[in-house]
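Input: a single structure, listed below in structure tokens.
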Amino acid sequence: MAFDTGLAVLVLGVAVWTIAARDTFAAVVGFVAYGLLLALVWVRIAAPDVALTEAAIGSGLTGGLLLGASTRLRRAETAAAGEKPGAALRLVAAGLCVLVSAGLAAIVLLLPEPAPTLAPQAAANLAATGLGNPVTAVLMAYRAIDTLLETVVLLLALVGVWSLAPDRVWGGSPGPRHHADRDGVLAFVAQLLVPVGILVGIHIFWVGSDAPGGEFQGATILAAMWILAMMAGLMDAPPVSRRWLRLLLIAGPAVFFAIGLAGFVMAGAFLAYPKAYAKLLIVTIEVPVTLSIAATLALLVAGPPERKPQR
Amino acid sequence: MSLALDALTILAVCVGACFFLAGTVGLLRFPDSLSRLHALTKADNLGLGFVVLGLLFQVEGPFAALKLISVWLLTLLAGATVTQLIARAARPGGAQE
């Protein structure tokens, strides 16, 4: 109890600090710490799958994206400070935020006891999916359409990032070329850590069918390893016009969609699996989806194309 | 037997917590970046090391123990690298790489 109260106070404190921080970079650091503390909260309320996702995507990957953004914004920061919104606008924004928070708090507090839940049904039908982890069953079987749309949303986000590229560099490689010292610290750690990280990423993905883990968490680790190898200068980011890259990016959603359509023939509905092959089909979807998500996340962090394509 | 193991766990985790506390105080109180990094690595290396050591008395089976030790080793690697990179950037007139 004391631990949980302390954790809640800490999360709220870091949240307030993040909002109040003047410096963009400091706010991003606060946000990362906030995400890691939030992951601890998820562990405390027995949701390790959400905790893993929060730590990997919410804190790690989003933190990386925001760090990149804060570096790009640094030059414009002093100019932006001069255009601060007036007191009235800020008051209205604060008021609306308080209203949303109060509404959420009221809903949670007014829930009937016990709160309505679909957990018993999810657990009861687990055997039909061939999976051992009910969270994965929700993501890949009961609500597979949501997961399919999520993979498409990620692709759309990448299209949005790429569309920021000026015409003359279109089709080129994202970000600057990182020239690291081959004998330097970063190259050393990348050589040591990337193989281990790839193994951990595949492990997290693979155990997801029976234990906490899954394709989003595993893919984030794989993406982080690719980013590390690129930042250490061990490999260059591929030009965004490469055919293999485009195929890799759409492989996951395409296979997902194809198997979903095949569900009409095999089981009579979109994204329905015939019971005998449920586990096999789910894994067949998960493998390309993991690779596609990993590539999409890594390229999101790498940013829009900045260099002319080499012919 | 389990009482002795629990006692060892409590002892090791408490020692680890002391290193975390000392590292945090150092991080807040030391005057310059390099000595703050020095304080921080104590929390990473010894603090986490003792916490992992304490948890090792509670694990079921060798694989869980291996996982815990791997976590510590990976943290050591990441901590040492990041410390090097920050120290180079913080060094007076220090280069970026």
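Nothing in this text is a laboratory measurement; each read-out follows from the coordinates by a stated rule. Small disclaimer: the values here were computed from a predicted structure and weren't measured. Using ideal geometry, Cβ is built from the backbone for each residue, glycine included, and neighbour counts are taken over all protein chains shown.
Fewest to most neighbouring Cβ within 10 Å: what's the order for A:Asp23, B:Asp32?
Numbers: A:Asp23 12, B:Asp32 9.
The most exposed by this proxy come first: B:Asp32, A:Asp23.
A rounded overall shape is assigned to the protein assembly as shown, the ratio a/c of its alpha-carbon gyration tensor axes (a ≥ b ≥ c) being less than 1.5.
Projecting the Cα atoms of A:Thr129, A:Ile259, A:Leu300 onto the dipole axis of chain A, where Lys and Arg carry +1 and Asp and Glu carry -1 at the beta carbon, places A:Leu300 farthest toward the positive end. Computed from the C-beta positions of A:Leu111 and A:Phe270, the FRET efficiency with R₀ = 25 Å rounds to 0.20. Averaged over peptide A:296-309, the number of partner chain Cβ atoms lying within 10 Å of each residue's Cβ comes to 0.
Peptide A:191-203 shows a mean partner chain C-beta count of 1 within 10 Å per residue C-beta. Packing, as the average of other Cβ atoms within 10 Å across residues, places the peptides A:94-100, A:30-36, A:172-178, B:62-68 in the order A:30-36, A:172-178, B:62-68, A:94-100, highest first. For chain B, the residue among B:Gly26, B:Gly47, B:Ala78 whose Cα projects farthest onto the positive side of the dipole built from Cβ charges is B:Gly26. For the options A:Ala87, A:Ala27, A:Ala47, a Gaussian network treatment of chain A with springs between C-alpha atoms closer than 10 Å singles out A:Ala87 as fluctuating the most.
Hydropathy first: keep DSSP H helices in chain A averaging at least 0.5 on Kyte-Doolittle, then drop any whose Cα extent along the axis falls short of 20 Å, and list what survives.
Numbers: long enough: A:2-20 (27 Å, 1.90); A:24-44 (30 Å, 1.94); A:62-82 (27 Å, 0.13); A:87-110 (34 Å, 2.37); A:144-162 (28 Å, 2.00); A:185-207 (32 Å, 2.31); A:215-231 (23 Å, 1.37); A:243-266 (31 Å, 1.72); A:278-302 (36 Å, 2.01).
Span-like helices, by this rule, are A:2-20, A:24-44, A:87-110, A:144-162, A:185-207, A:215-231, A:243-266, A:278-302.
How would you rank A:Val159, A:Val152, going from fewest to most other Cβ atoms within 10 Å of each one's own Cβ?
Numbers: A:Val159 10, A:Val152 15.
By the 10 Å Cβ count, ascending, the order reads A:Val159, A:Val152.
Once you charge only the Cβ atoms, +1 for Lys and Arg and -1 for Asp and Glu, what is the size of the charge dipole of the protein assembly as shown about its Cα centre, to the nearest 20 debye? Working shown, then result.
Working: 25 positive and 22 negative charges, 236 e Å.
Charge dipole, the protein assembly as shown, about its Cα centre: 1140 debye, nearest 20.
Only helices reaching 20 angstrom along their own axis (Cα) with mean Kyte-Doolittle hydropathy no lower than 0.5 count here, and for the DSSP H runs of chain B these are B:2-29, B:62-90.
Among A:Thr71, B:Thr41, A:Thr290, A:Thr5, what is the fewest-to-most ranking by other Cβ atoms within 10 Å?
Values: A:Thr71 12, B:Thr41 17, A:Thr290 25, A:Thr5 9.
With the sparsest Cβ surroundings first, the list reads A:Thr5, A:Thr71, B:Thr41, A:Thr290.
Paramagnetic label reach from B:Phe63 (point 7 Å along Cα→Cβ; backbone nitrogen cut-off under 16 Å): within region A:168-211, residues A:200-211. Peptide packing: for A:49-59, A:249-259, the average count of neighbouring Cβ atoms within 10 Å per residue gives the ranking A:49-59, A:249-259, highest mean first.
A:Arg90 versus B:Arg29, label points 7 Å from Cα toward the beta carbon: distance in nm? With each label point 7 Å from Cα toward Cβ, the separation is 3.6 nm.
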